[in-house]
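Written below as structure tokens is the structure these notes are about.
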Amino acid sequence: MTRTVEDASAHKTAGAIEIRTAQRHAVLLGTVGALAVLASHVALWGIPSPRKALEGLDWWMPFLVPLLALAAIPLHEGLHYVGFRVAGATREQIYLGVDPQVGPYCGCTAPLRLRGYIVAIILPVLVLGVLPWILGMITGRLALTAFSAIQVLLAGGDFLALRLAVGQPGNPWVQDTETGIGFEVLPEEPPGTATPGRTPP
């Protein structure tokens, strides 16, 4: 997830979805993505027998994979942090926390260009989801693909924010929303900025 959540039905803007609706959509997107990851492995390598699935692995590896995937959640949020920094936010404008409804989150108060916001959204799933999936598809190691599938499942909120972002025209200024999943579209000159030679409103 990329944002903290307040129990609010407040200002929905283009690019933001209220949390309860967003959670349902996020679960659906994450589930579909995880199933697609597993299906791609089966399509290329077939359905492995239990013996082949464990080939080259210690007996405890199938239990370790989901534990590693869950342990990677802080890394997931840390990669959002890196993405926000790459997009131009300062350390003071980024925060991490845990919400009872959505778990760990990373939020950003800085206005960002949409393309930079997209980088911050997709960085965790690229590193923790796509990369292990590619390695699993190349090597046939089901453990890598399973790790990828779990990461994709947990990234449902990020996929929802990405779907909202790619539907926006151009490269507007956006700001991470505090009342759901997604962002608010800002005026072309965001609050707190000024073009040289002009007086801010």
Contour minus Cα-Cα distance for ALA43 and VAL166 (0.36 nm per residue): 41.4 nm
Dipole axis of region 16-185 (+1 Lys, Arg; -1 Asp, Glu on Cβ), positive-most option in LEU44, ALA34, LEU64: LEU44
Label-to-label distance, nm, for residues given as ARG20 and ALA71 (7 Å Cα→Cβ offset): 3.8
Packing-based exposure ordering (other Cβ within 10 Å, fewest first) of VAL174, VAL125: VAL125, VAL174
Simple spin-label estimate for VAL32 and LEU135 in nanometres, 7 Å along Cα-Cβ: 2.9
Against the rule of thumb 2.2 N^0.38 Å, how large the Cα Rg of region 67-177 comes out: 1.10
Approximate spin-label separation THR109-GLN93, in nm, with each point projected 7 Å along Cα-to-Cβ: 1.2
Overall Cα dimensions of region 100-146 - principal axes, largest extent first, Å: 42, 30, 9
Gain in span if fully extended, LEU126 to VAL86, counting 0.36 nm per residue against the direct Cα distance: 12.9 nm
Sequence-distant residues sharing a close amide H with ASP99 (under 5 Å, placed H): TYR105
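Every number here is computed from the coordinates shown, using simple stated rules; none is lab data. As the structure is a prediction and not an experimental result, all values here were calculated from the model. Don't worry about glycine lacking a Cβ; one is built from the backbone with ideal geometry, like all the others, and counts go over all protein chains shown.
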